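Participant: The structure's right below; bear with me while I get my questions together.
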Amino acid sequence: MDFAQQQRKPGKHLVGIGFVVLLHVGIVYALINGLAKEGIKLIQKELEVKLIDEPPPPPPPEEPKEIPPPPDVKAPPPPPESYVPPPEVQVAAPVQVPQMAVQNTAPPAVETPPAPPPPPKAEPAPQQPATVAGACSNASDTMQTLGDKWSALADKEGITDPVPVRARVLIGSGGEVKDVQITQTGNSAVGRLAASGLRRLKCQATGTDYWLLFETTFRLAD
């Protein structure tokens, strides 16, 4: 008998199908009973409830601090129109002097300069006359004129006592009077009178200046 004929027998197919159906029913029943018991066990267990604390809310952001406004700095007043700025003084930098090595050597000998030659000897001055009377040709005339003026001066000034007068007369190289110095007098007016008369002297020319002495006493005639 071949395989095709065996497949055509329906009795064998029904037995196999029934067996498969029963097998599925047993499995379903076993599953239903087992799941029901497990569900009851789960219901019977106590439910544990835990309270979970919520995390605290974050702190609010800090408000920015107010920045104080800058101080009101007043600008300095402008300088007056007549203000003149001081000149800039430039300070010169100090000059660095190079250091020189110092040698301990003896100083050079100082040569003594030769002594200057002696000055030439002055030629001896010619012999000078001692008084006006011995050197001046008009000495007598001068004294006569002074006597006449002395009488008038004495009457005017009320002079009654004798007045001595001493003077030095500088005679130039040509015999002219260059200077008159009153060295002694008892009355200033009489001294001026004598000086004015002595300036008119004409004396001896010697080629060099020299001094003459004049000495007299003015007195009234008896």
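The values are calculated or read from the model by the stated rules, or taken from the named source; none is laboratory data. Being a predicted model, the structure only gives us computed values, none of them experimental. Cβ sites come from the backbone with ideal geometry, for glycine too, and all protein chains shown count toward neighbours. Areas reflect the complete protein model, heavy atoms only, side chains present, ligands, DNA and RNA absent. Shrake-Rupley method; radii C 1.70, N 1.55, O 1.52, S 1.80 Å.
Participant: Taking all protein chains as present, what is the carbon and sulfur share of the accessible area of the stretch 137-195, in % to the nearest whole number, probe 1.4 Å?
Facilitator: Roughly 44 percent, rounded to a whole number.
Participant: Starting from the Cα-Cα distance between Asp148 and Ile17, subtract it from 0.36 nm times their residue separation and give me the gain in nm to one decimal.
Facilitator: 26.2 nm
Participant: Any idea of Lys149's accessible area? Nearest 10 Å², probe 1.4 Å.
Facilitator: Solvent-accessible area, nearest 10 Å²: 90 Å².
Participant: For the residue pair Thr160 and Ser140, what label-to-label distance in nm results when each label sits 7 Å from Cα along the Cα-to-beta-carbon direction?
Facilitator: So the two model labels end up 3.4 nm from each other.
Participant: Here is a further query. Could you sort the peptides 179-185, 212-218, 57-63 by per-residue average Cβ neighbour count (10 Å cutoff), highest mean leading?
Facilitator: So the order, starting with the most tightly packed, is 212-218, 179-185, 57-63.
Participant: Report, as a whole number in µm² per second, the diffusion coefficient that Stokes-Einstein gives for the stretch 127-222 at 37 °C and 0.692 mPa s using the Kirkwood radius over alpha carbon pairs.
Facilitator: Stokes-Einstein gives a translational diffusion coefficient of 241 µm²/s.
Participant: Would you work out the Kirkwood radius for the stretch 139-188? I mean one over the mean of 1/r across all pairs of different Cα atoms, in Å. Intermediate results must be reported in sequence, preceding the final value.
Facilitator: On the way: mean 1/r = 0.0789 Å⁻¹.
It is 12.7 Å.
Participant: While we're looking at this one, here's another question. Compute the signed sum of charges (Lys and Arg +1, Asp and Glu -1) over the other residues within less than 12 Å, Cβ to Cβ, of Glu176.
Facilitator: Values: positive: Lys178, Arg199, Arg200, Lys202; negative: Asp179, Asp209.
So the environment of Glu176 carries a net charge of +2.
Participant: Stretch Lys202-Arg219 to full length: gain in nm at 0.36 nm per residue minus the Cα-Cα span?
Facilitator: Here the answer is 3.6 nm.
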